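Notes for the one structure printed next.
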Amino acid sequence: MVGFIFLEIKATVTDPLFQIKGTSLTVVVLELYNYSPSDFLSQLTDKVQAAAHFFEQSPVLINLEKLVSDIQAADLLNLVDQCRQLRLQPVAIRGSHDQFGAMVEQTGLALLPETRSKDRPLETNPVTDKTPEATDGADKSAIDTTNTGSNGTPDNEPAPAAVEAGAEEITTSQDQTTQIISRQIRSGQQVYSAADLIIIGNVNEGAEVLAQGNIHIYGTLRGRALAGVQGNTKARIFCQQLSAELIAIAGNFLPSEAIHQQNYPDPVQVYRNGENLEISAY
Amino acid sequence: MAKIIVVTSGKGGVGKTTTSAAIGTGLAQRGNKTVIIDFDVGLRNLDLIMGCERRVVYDFVNVLQGEASLTQALIKDKRTDNLFILPASQTRDKDALTQEGVQKTLDELAQTFEYIICDSPAGIEKGAQMALYFADQAIIVTNPEVSSVRDSDRILGILQSKSLRAETGGEPVQEHLLLTRYNPTRVAAGEMLSVEDVEDILAIPLLGVIPESESVLKASNQGTPVILDEDAEAGQAYDDAVERLLGNEKPHRFLDVKKTSFFKRLLGGKT
Ligand SMILES: Nc1ncnc2c1ncn2[C@@H]1O[C@H](COP(=O)(O)OP(=O)(O)OP(=O)(O)O)[C@@H](O)[C@H]1O
Ligand SMILES: [Mg+2]
């Protein structure tokens, strides 16, 4: 989530005409490794078709930090165009200013500074998908969802408390054992477990919990919960009450609108049934 | 030991300054030597609500930058004994607030005051973080609506990760929920969240519920903290909140639509 600083501009004499506020925004990150126009389009088309609702009009951040070959301005323009053809909405490009600044300017998109952070791969179609490592190193692009905050955490060290103003508190555990957290997860906070995750407390709106395994919430899920984030389609989410902003298992999603359309008794579990997410009593 | 209490909310305009003035006054009325610090550098509001704007000579930033001593900058309240105000400057920007400077000022104040109330600016950025950093207790001012509750949740997360107590692994900051601008009629009509809704989401102890009341605006226009208006429900509710802050039990009042709640209130209110 974007750690925008919460600003308020106030007029003191006349009534204010506007107010400037910060907000959190989750975007899809397209991490580019190589670019060739035709392969890119076909691979992206596959991805988008696998989870059409998720991608429909999604804001997209194009991340050039993992790029292994050169890219020309024309390529970048083409790539942005192809995203739009598939009804994605590129909003920004992340990469070094020196290397890409001039190029990005031509696209009219925002340039975001580089991060040290490693975004979590979030496969959108993990059953049939090749992981980037499994392919031959030609044209590869992984699509991740990520938080665009600048305070991401390297995968292999515990998260330091975020220091930047407006930055989120991020708790990550790379232990292969269940992580148990006995407190409420609040707006702006994020918890990641490399195994199962148990939260004793609510997960509030604006908070995000992620696990490579199952997620158990002994409380109400009002925020986002993503289980099986490395592709484990057998992972499940359990919660005492479901009022989530988003639930996901191994890359397949239900946004809040779709969740609220369904009727289910509390408490619930969420699991994958093929490509669908099922919500039911347990 | 002086107690440092931050009054904070994330969202703007929810009643932090009104609350700082009321709670500070209430504590002083009970014989506790109290100072209220305006951390809203650049927007100066507290002195207006306290009615001492014409007596401001030096401000918090002057003290931080060594241009004035605390004794020079502190304004003694004219109505309430034991009460002092440290106003914010209207002109300087928030960069004047440094952690070392704030710490030094708080340490100095802690030698003479029992309660130090920090009136936080809105937002979650530097000014707000500075106001809460040294707090022992926090009064989370929340209005019964979704965006305010969410911002309060956010500020609670920051208290729990970025306060001095959190960083040094000390006792956590003691949290109090103060629901303000509560309008039982609108709650009953489903236009506002109820006390229970807010408590359910934020899950921190309830210090008080201040009803939405004309008297608050009237009081701040007159430069009198509303707690001094004994006829106003908002004033009475703040008075109850001060009692609870001091550890005394008080039933919550003004939670229900008046007509239907007559018997409940006769029996001492609910919860
Ligand atoms: N209980 C109440 N009933 C009616 N009006 C109220 C109440 N509490 C506060 N207000 C009004 O709301 C407005 C904002 O109050 P106040 O200045 O205390 O908020 P704040 O949180 O300090 O704002 P800021 O974020 O700008 O510092 C004022 O006009 C005040 O009179
Ligand atoms: Mg204020």
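The values are calculated or read from the model by the stated rules, or taken from the named source; none is laboratory data. Values in this document were obtained by computation on a predicted structure and should not be read as measured data. Glycine also receives a Cβ, built like all others from the backbone with ideal geometry; neighbour counts cover every protein chain displayed. These area figures cover heavy atoms from the full protein model, side chains too; ligands, DNA and RNA do not enter into them. Shrake-Rupley method; radii C 1.70, N 1.55, O 1.52, S 1.80 Å.
Can you tell me which residue within the range B:143-155, out of those that are within 13 Å of chain A (Cβ to nearest Cβ), open to solvent by less than 30 Å² (accessible area, probe 1.4 Å) and touching a Gly at 6+ places or on another chain (Cβ under 9 Å), is nearest to ligand 1 (Cβ to nearest atom)?
Selected residue: B:Ser148.
Has the range B:109-121 got any residue that is within 14 Å of chain A (Cβ to nearest Cβ), surrounded by fewer than 23 Cβ atoms within 10 Å (Cβ to Cβ) and either out of contact with any helix residue (DSSP H, G or I) (no Cβ under 7 Å at 6 or more places or on another chain) or closer than 30 Å to B:Glu214 by Cα (or both)?
Going through the range B:109-121, the residues within 14 Å of chain A (Cβ to nearest Cβ) turn out to be B:120-121.
This time we only want the ones that are surrounded by fewer than 23 Cβ atoms within 10 Å (Cβ to Cβ), so: none.
The answer is no, given that none of the residues of the range B:109-121 is within 14 Å of chain A (Cβ to nearest Cβ), surrounded by fewer than 23 Cβ atoms within 10 Å (Cβ to Cβ) and either out of contact with any helix residue (DSSP H, G or I) (no Cβ under 7 Å at 6 or more places or on another chain) or closer than 30 Å to B:Glu214 by Cα (or both).
With the structure loaded, tell me whether A:Leu77 is open to solvent by 30 Å² or more (accessible area, probe 1.4 Å), over 27 Å from A:Thr233 (Cβ atoms) and at pLDDT 90 or above or whether it fails that test.
yes
State whether the residues of the range A:179-194 include one that is of a type in the set (Phe, Trp, Tyr) and farther than 24 Å from B:Ile201 by Cβ.
Initially, the range A:179-194 is screened for residues of a type in the set (Phe, Trp, Tyr), giving A:192.
From what's left, farther than 24 Å from B:Ile201 by Cβ: none.
No, every residue in the range A:179-194 fails to be of a type in the set (Phe, Trp, Tyr) and farther than 24 Å from B:Ile201 by Cβ.
Can you tell me which condition B:Asp47 does not meet? The list is (1) away from ligand 2 (no atom under 16 Å from the Cβ); (2) without any contact (Cβ under 8 Å) to a residue 60 or more places away in the chain, and all the others hold.
(1)
Just checking, does the range B:94-109 include any residue being within 14 Å of ligand 1 (Cβ to nearest atom) and over 18 Å from B:Lys3 (Cα atoms)?
First, pick out the residues of the range B:94-109 that are within 14 Å of ligand 1 (Cβ to nearest atom): B:94.
Pick out the ones that are also over 18 Å from B:Lys3 (Cα atoms) and you get B:94.
Yes, the range B:94-109 contains a residue that is within 14 Å of ligand 1 (Cβ to nearest atom) and over 18 Å from B:Lys3 (Cα atoms).
Out of the range B:1-16, which residues are β-branched (Val, Ile, Thr), more than 16 Å from ligand 2 (Cβ to nearest atom) and assigned to a loop (DSSP other than H, G, I, E, B)?
First, pick out the residues of the range B:1-16 that are β-branched (Val, Ile, Thr): B:4-8, B:14.
When the remaining residues are screened for being more than 16 Å from ligand 2 (Cβ to nearest atom), the result is B:4.
Passing the criteria: none in range.
For the range A:80-112, how many residues are more than 19 Å from A:Ser42 (Cβ to Cβ), touching a Pro at 6+ places or on another chain (Cβ under 9 Å), open to solvent by less than 70 Å² (accessible area, probe 1.4 Å) and assigned to a helix (DSSP H, G or I)?
Count: 1.
Can you name the helices (runs of 4 or more DSSP H) wholly within the range B:189-259 that have at least 2 residues being of a type outside the set (S, T, N, Q) and more than 16 Å from ligand 1 (Cβ to nearest atom)?
On the way: elements: B:195-202, B:214-222, B:233-245.
Of the helices (runs of 4 or more DSSP H) lying wholly inside the range B:189-259, those with at least 2 residues that are of a type outside the set (S, T, N, Q) and more than 16 Å from ligand 1 (Cβ to nearest atom) span B:195-202, B:233-245.
Kindly indicate the residue of the range B:122-131 that is within 12 Å of chain A (Cβ to nearest Cβ) and on the phi < 0 side of the Ramachandran plot and also nearest to ligand 2 (Cβ to nearest atom) among those meeting that condition.
Looking only at the range B:122-131, we keep the residues that are within 12 Å of chain A (Cβ to nearest Cβ), and these are B:122-130.
Then drop every residue that is not on the phi < 0 side of the Ramachandran plot, which leaves B:122, B:124-130.
Details: B:Ala122: 7, B:Ile124: 15, B:Glu125: 15, B:Lys126: 16, B:Gly127: 11, B:Ala128: 11, B:Gln129: 16, B:Met130: 15 Å.
The extreme case among them is B:Ala122.
Would you check which residues across the range B:164-201 are within 13 Å of chain A (Cβ to nearest Cβ), touching a residue at least 40 places away in the same chain (Cβ under 8 Å) and buried (at least 17 other Cβ atoms within 10 Å of the Cβ) and list them?
Selection gives B:Leu193, B:Val198, B:Ile201.
From B:Thr19, B:Thr34, which residue is modelled with pLDDT of 95 or more, away from ligand 2 (no atom under 16 Å from the Cβ), under 21 Å from B:Phe134 (Cβ atoms) and hydroxyl-bearing (Ser, Thr, Tyr)?
Details: B:Thr19 fails: away from ligand 2 (no atom under 16 Å from the Cβ).
Going through B:Thr19, B:Thr34 in turn, just one is modelled with pLDDT of 95 or more, away from ligand 2 (no atom under 16 Å from the Cβ), under 21 Å from B:Phe134 (Cβ atoms) and hydroxyl-bearing (Ser, Thr, Tyr): B:Thr34.
Could you tell me which residue of the range B:93-108 is most open to solvent (accessible area, probe 1.4 Å), considering only residues that are within 14 Å of chain A (Cβ to nearest Cβ) and in contact (Cβ under 8 Å) with a residue 40 or more places away in the chain?
Among those that are within 14 Å of chain A (Cβ to nearest Cβ) and in contact (Cβ under 8 Å) with a residue 40 or more places away in the chain, it is B:Asp93.
Check off (1) more than 16 Å from ligand 2 (Cβ to nearest atom); (2) closer than 19 Å to B:Phe113 by Cα for B:Arg54 and give me the number that stays unchecked.
(2)
If we keep just the residues of the range B:18-60 that are open to solvent by 20 Å² or more (accessible area, probe 1.4 Å) and not in a loop (DSSP other than H, G, I, E, B), which is nearest to ligand 1 (Cβ to nearest atom)?
Of everything passing the filter in the range B:18-60, B:Thr18 is nearest to ligand 1 (Cβ to nearest atom).
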